[in-house]
1. Collect the residues in the range 41-66 that are closer than 30 Å to Met118 by Cα and in contact (Cβ under 8 Å) with a residue 12 or more places away in the chain, keeping them in residue-number order.
2. Just the residues that are surrounded by 17 or more Cβ atoms within 10 Å (Cβ to Cβ) and out of contact with any helix residue (DSSP H, G or I) (no Cβ under 8 Å at 6 or more places or on another chain), please, taken from the range 366-404.
3. So which residues in the range 383-409 are closer than 27 Å to Asp348 by Cα, touching a Phe, Trp or Tyr at 6+ places or on another chain (Cβ under 9 Å) and in contact (Cβ under 8 Å) with a residue 40 or more places away in the chain, if there are any at all?
4. Could you check the range 190-293 for helices (runs of 4 or more DSSP H) lying wholly inside it with 2 or more residues that are surrounded by 13 or more Cβ atoms within 10 Å (Cβ to Cβ), modelled with pLDDT under 80 and in contact with a strand residue (DSSP E or B) (Cβ under 8 Å, 6 or more places away or on another chain)?
5. Given the condition of a type outside the set (A, V, I, L, M) and either within 30 Å of Ala282 (Cα to Cα) or in a strand (DSSP E or B) (or both), answer yes or no: does some residue in the range 358-372 qualify?
6. Given the criterion of a type in the set (Lys, Arg) and at pLDDT below 90, identify the matching residue among Lys429, Lys419, Lys441, Lys403.
7. Please list, ordered by first then second residue, the pairs with beta carbon atoms under 6 Å, 6 or more apart or interchain, first in the range 334-355 and within 27 Å of Arg317 (Cα to Cα), second surrounded by fewer than 16 Cβ atoms within 10 Å (Cβ to Cβ).
8. Within the range 405-422, is there a residue that is farther than 30 Å from Ser308 by Cα and outside the structural domain of Gln303 (by TED's automatic domain parsing)?
Amino acid sequence: MPQTEVSTADIASQFNEVSVQAISGMRASFSTQSALYEVAAIVLAIFVSLLIYRYLRKWIYRHMPPARSPEFGQKIQRWVLLFVKSTSFSITGSILLWVATQILGLTSLVDVEASRLMLMRTANQVFLAWAILRIMLLLLTAAFGPKLLAPVVKKTVAVIFWICAVLQIAGILPSLVNWMSAVALPIGSTQISLWSIVTGSCTVIVTLGAANMLSQLCESAVISSELDSNLQVVSVRILRITFFSLAVLLALSWSGIDLTVLSVFSGAIGVGIGFGMQKIAANYISGFIILFDRSVKLGDYIQMSGFSGVITQINTRYSVIRNLQGEEMIIPNEMFITNSVKNLTLTDKASAQFVVVSVAYDADVTKALDLALDAVKGQPRVLATPAPWAIVSDLGDSGIDIKAGFFIQDPEKGTGTLKSNIIREILRKYAQAGIEIPYNKLDVTIVSQPERQEASAS
């Protein structure tokens, strides 16, 4: 079916005609007695809607879940409450105006055929447009996040939307769409209309936004489950890739782009990965291997490349290790496959720790061992099973070395403070028991000069 071409002059002429009709209709409405009833109904609808909105806003703020709550149910509850808060004023106003229109149409106060209640119908359309805009901004914020949807972007979207709403209310938008459909831009051997570009862009935004929202919901559901941490990361990543791949394919298909053209690009991408993106591809695949074989997991305490710390992130290309000093090291995932990694919490998070003190040779060694063991057992972080122990580890130059060993379940929290507390407690107990802590003693003999000469002469 051929499209009807609409020129710019036709649109301008139609705009002038609609403007004249609108102004004439407004004058006719204000010149009749019904204008007073319509204005009163509009003001009353705004007032009642504002009261309802303020009451709902206070109630919603009291029941709003945290913004970054990972739980699936709380995230759904937050979205529902935000929807009610964003649209309560406009939807309530639209409903009240519709009810007022029906009431005035049934009474004899207003001549409906003469005035056609133009003011109320226009106000109702404005309320509906406002509700649609609020819903659209809410969905865009939920889909792309508040950081991406900055205030400038929101204002731009709102301006474009209100321009389209005014054109739709005035009856000009269909002619403008026909004109954009008739204007074609040559791209290679094909021609694409302006309207196809607009609809294609909107389709891409909608599909990508829907994919992001679905992935966020699935991520919340997976995190709230009892799956292993690695399986959670793998599931979320696979779902995100699946949703975005489907979104891109649907957007291209709905935009009228032949998907067979993508075979050429896929071949080019394969060549690019084979030559210039080997490391990126290797790190990407290594990330999935790490997550599947569970050689390292989130929260594991590892030592690698002279750096030790807790794994806080396993991303697509790299992982992040954070040490006890707050320093973070970014390690490409490929290094976990090609290099040796010392995982201190692979099968069991319990880690053996030791402290060594010395006592004098004339001290009661049995009592010293018992006191050291009591000092270790008194620390809350020390595990009861396996039980702590204390042994004589060495006979030093100045004293007997006492070595106390114990296990802790949380080595990622550090051991410096714990060992310091144990040593301080041992010193306190030894001081109370009269056990001496030895120190190096050197016997220095001073030989005078005459004695040295006699010794050398003899």
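The values are calculated or read from the model by the stated rules, or taken from the named source; none is laboratory data. As the structure is a prediction and not an experimental result, all values here were calculated from the model. Don't worry about glycine lacking a Cβ; one is built from the backbone with ideal geometry, like all the others, and counts go over all protein chains shown.
1. Ala41, Ile42, Leu44, Ala45, Ile46, Val48, Ser49, Leu50, Ile52, Tyr53
2. Leu369, Leu373, Gly399
3. Lys403, Ala404, Gly405, Phe406
4. 194-224, 229-254, 278-293
5. Yes: the range 358-372 contains one or more residues that are of a type outside the set (A, V, I, L, M) and either within 30 Å of Ala282 (Cα to Cα) or in a strand (DSSP E or B) (or both).
6. Every option except Lys441 fails the conditions.
7. Lys342/Gln303; Lys349/Gln409
8. No, the range 405-422 contains no residue that is farther than 30 Å from Ser308 by Cα and outside the structural domain of Gln303 (by TED's automatic domain parsing).
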